[in-house]
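Data first, discussion second: the structure below is written as structure tokens.
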Amino acid sequence: MIIDDFPRDLLMTGAIFGIAAFVWAGWAQERPPKHWSWHVILGMLSLGGAALAGISLPAAIRNWSAPTAISWGGAASTWYLIVFWIEVVVIIVLAIWATRRKRQDLIAPLVLAVVGIHFIPLAWVFQQPVFAFAGALIAVAALAAALVPDKEAARSFWCGIVAAPILLTVGTMCAVIAFGSL
């Protein structure tokens, strides 16, 4: 599920997924359930994401000359840029649509769905099947967050409480495998 041919890419995955876990756990703090324990859990997920990024990013920088699945100017980098810009445009359009419909509660699930879906083609770009797996899980989490009643907690809470552990787990697995491959 995780291919260790490109440890540098795996380290960057650890860093990026760590930052993403930090961000989603932070967004989940918008309106979690009332019990204080949710703030502690979300804080721990945020710290875990920050720690993962803090460990992975310097190692990725130290190994920047190592082989990568995405050489600039090739097909992989072109597809990466296409997927990235489609993701950005779709997120902006969906956020504007949700705001105009007075459904700002759907912004977090919509953003999470786009993030999850964008990992699926990136599995091919980076030659990492785990991206498709993580993307599918995240997209399902986004759908569930969009459908769950938001009386007890904001939809952003449901997005973050599910997405952050997925990102943290996959990112940690990638980083551990990278460190083992160096």
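Of all residues in the range 42-70, those being in contact with a Lys or Arg (Cβ under 8 Å, 6 or more places away or on another chain) and open to solvent by 70 Å² or more (accessible area, probe 1.4 Å) number 2. Collect the residues in the range 161-179 that are open to solvent by 70 Å² or more (accessible area, probe 1.4 Å) and more than 26 Å from V40 (Cβ to Cβ), keeping them in residue-number order. Across the range 161-179, the qualifying residue is only F179. On inspection, V114 qualifies as open to solvent by less than 50 Å² (accessible area, probe 1.4 Å) and assigned to a helix (DSSP H, G or I).
Note on the range 31-70: residues that are at pLDDT below 95 and either touching a Phe, Trp or Tyr at 6+ places or on another chain (Cβ under 8 Å) or of a type in the set (D, E) (or both) amount to 5.
Under the condition of being assigned to a helix (DSSP H, G or I), in contact (Cβ under 8 Å) with a residue 60 or more places away in the chain and not hydroxyl-bearing (S, T, Y), the residues counted in the range 30-59 number 10. Residues of the range 141-160 that are open to solvent by 50 Å² or more (accessible area, probe 1.4 Å) and not in a helix (DSSP H, G or I): P149, D150, K151, E152. Checking each residue in the range 6-38 for being open to solvent by 30 Å² or more (accessible area, probe 1.4 Å), in contact with a helix residue (DSSP H, G or I) (Cβ under 8 Å, 6 or more places away or on another chain) and closer than 22 Å to Q104 by Cβ picks out V23, G26, W27, Q29, E30, R31, W38.
Number of residues in the range 96-125 that are of a type in the set (G, A, S), within 18 Å of I2 (Cα to Cα) and touching a residue at least 24 places away in the same chain (Cβ under 8 Å) equals 1. Note on the range 1-39: residues that are closer than 13 Å to I161 by Cβ and of a type outside the set (A, V, I, L, M) amount to 12.
Within the range 160-172, residues that are at pLDDT 95 or above have Cβ atoms under 7 Å from residues that are open to solvent by 30 Å² or more (accessible area, probe 1.4 Å) and among the aromatic types (F, W, Y) in these pairs: G160/W27, counting only partners at least 6 apart in sequence or on another chain.
Restricting V125, V89, V140, V115 to residues that are farther than 23 Å from A21 by Cβ and out of contact with any Cys (no Cβ under 9 Å at 6 or more places or on another chain) narrows the list to V89.
The values are calculated or read from the model by the stated rules, or taken from the named source; none is laboratory data. All figures in this text were calculated on a predicted structure; none of them were measured in a lab. Ideal geometry is used to build each Cβ from the backbone, glycine not excepted, and the neighbour counts take in all protein chains shown. For the accessible areas, the whole protein counts, side chains as well, though only heavy atoms, and no ligand, DNA or RNA atoms are used. Shrake-Rupley method; radii C 1.70, N 1.55, O 1.52, S 1.80 Å.
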